[in-house]
Amino acid sequence: MVKWTELERSTVKAIWEKIDIDEIGSQIWARVLIVYPWTERYFGSFGDLFTITAILKNDKVAAHGRMVLKALDKAVNNMDNMKRTYADLSRLHFQKLEVDPDSFRLLADCITITIACKLKSALSPQSQAIWQKFISAVVDAMSSQYC
Amino acid sequence: MRNSQQGKMVAWTDFERATIKDIFSKIDYEVVGPAAISRFLIVYPWTQRYFAGFGNLYNAAAITSNPKVAAHGKVVMQGLEKAVKNMDNIKAKFTELSTLHSEKLQVDPNNFMLLGDCLAIVVAAQLGKDFTPEVHAAFQKFLAVVVSSLRRQYY
């Protein structure tokens, strides 16, 4: 189990409180698809992803981003239990969706950058360190059911 | 005889060239360099082993107020500026720097991207919503080329 100090718990919650899931969610997925274009291979059913403009306007992309952030909310509220919280999701991504687990790290990076754009200097170096520890734990939990 | 150093060149679009130059004209090296190095040392604490001569690095406050850390941040930005001014020739321009980091400083090359990640976060925080996905993609590509050039003389 990952050990969390009181400061780490309160910092993660404080950052999370500042995030508007609807606003941030729609941005993070567009970032993943634009910055790491090979990830588009997983989204054949999303329609037009042929240009940056299309990606930024795509409703399915925005909806998917919001869905991912809602799932991240589960981690914020279950920091002592992430592996169990994400076991089913991890198995789904491994067995059914066949997603390369390295993608989780790319998504984590895009989430962190989107938060940095939003919070700017309020994301201090210590807060960044704590957030990255949290998001690495999420990535580990999502990778946990991969054999 | 063909110059064997020519090899394959990185292809930059006009948007990417303009974006990289624009980012580097907007950011204050004196602020961004020190901020990126401080974050690097705080978020990835094992990297402090490379800076034994820097004095007090015992906690985040000490790191962010350490003048040697700040000075090194500026040195890194000056190195990056060389890459910005020579985007078609980064590999060649960084040959000596790569050899230095490999042979003399003995830096694990995996750390280059970690510093790149910290730099991206600092730039993102500075530019806010102007750090759009497209700008982010161009910056990420630039960082990847710089990191690859720094790794090149290892082995």
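The values are calculated or read from the model by the stated rules, or taken from the named source; none is laboratory data. None of these values were measured; they are calculated from a predicted model. Heads up, the Cβs are rebuilt from the backbone with ideal geometry, glycines too, and the neighbour counts pull from every protein chain shown. For accessibility, only protein heavy atoms count, side chains too; no ligands or nucleic acids. Shrake-Rupley method; radii C 1.70, N 1.55, O 1.52, S 1.80 Å.
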In Å, descending, principal axis extents of the Cα set of chain A: 45, 38, 20
The protein assembly as shown: Cα Rg divided by the 2.2 N^0.38 Å rule of thumb: 1.03
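Per residue, how much accessible area does the stretch A:7-78 show when a 1.4 Å probe rolls over the protein heavy atoms, in square angstrom? If you can, show how the numbers build up before the last one.
Working: 3800 Å² over 72 residues.
Each residue of the stretch A:7-78 exposes 53 Å² on average to a 1.4 Å probe.
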Net charge of neighbours whose Cβ lies under 11 Å from the Cβ of B:VAL84, counting Lys and Arg as +1 and Asp and Glu as -1: +3
Under 14 Å from the B:THR99 label point (7 Å along Cα→beta-carbon), backbone N, the stretch B:123-155: B:152-155
Carbon and sulfur %, accessible surface of the stretch A:1-93 computed with the full protein complex present, 1.4 Å: 55 percent
Contact order relative to length of chain A, as percent, for alpha carbon pairs under 8 angstrom and 6 or more apart: 33 percent
Virtual paramagnetic centre 7 Å along Cα→Cβ of A:ASP59, amide N under 11 Å, in the stretch A:4-25: none
Heavy-atom accessible area, 1.4 Å probe, ligands and nucleic acids excluded: residues of the stretch B:107-134 down by at least 50 Å² from chain alone: B:ILE121, B:ALA125, B:PRO133, B:GLU134
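Of A:LYS120/B:LYS26; A:LYS118/B:LYS129; A:LYS133/B:LYS129; B:LYS82/B:LYS129, which ones are farther than 18 Å apart at the Cα?
On the way: A:LYS120/B:LYS26 15 Å; A:LYS118/B:LYS129 7 Å; A:LYS133/B:LYS129 25 Å; B:LYS82/B:LYS129 27 Å.
The pairs that break the limit, which is 18 Å between Cα atoms, are A:LYS133/B:LYS129; B:LYS82/B:LYS129.
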Phi to ³J(HN,Hα) by Karplus 6.51 cos²θ - 1.76 cosθ + 1.60 over the stretch B:121-135, Hz, x for Gly, Pro: 5, 5, 5, 4, 5, 5, 7, x, 5, 6, 7, 5, x, 5, 5
Whole-Hz ³J(HN,Hα) from phi, Karplus 6.51 cos²θ - 1.76 cosθ + 1.60, for the stretch B:88-105, glycine and proline x: 8, 8, 4, 4, 5, 5, 9, 4, 5, 4, 5, 4, 4, 5, 7, 8, 8, 7
Calculated from backbone phi, Karplus (6.51, -1.76, 1.60) coupling profile of the stretch A:140-147 in Hz, x at Gly/Pro: 4, 5, 5, 8, 5, 8, 7, 8
Share of alpha-carbon pairs per 5 Å distance bin for chain B, given as whole %: 1, 9, 18, 21, 20, 15, 9, 4, 2, 0, 0, 0
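Among residues other than B:TYR50 whose Cβ falls under 13 Å from its Cβ, what is the net charge (Lys/Arg +1, Asp/Glu -1)?
On the way: positive: B:ARG49, B:LYS68, B:LYS104; negative: B:ASP108.
Computed value for this residue: +2.
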Cut-off under 5 Å, modelled amide H: who pairs with B:MET87 long-range: none
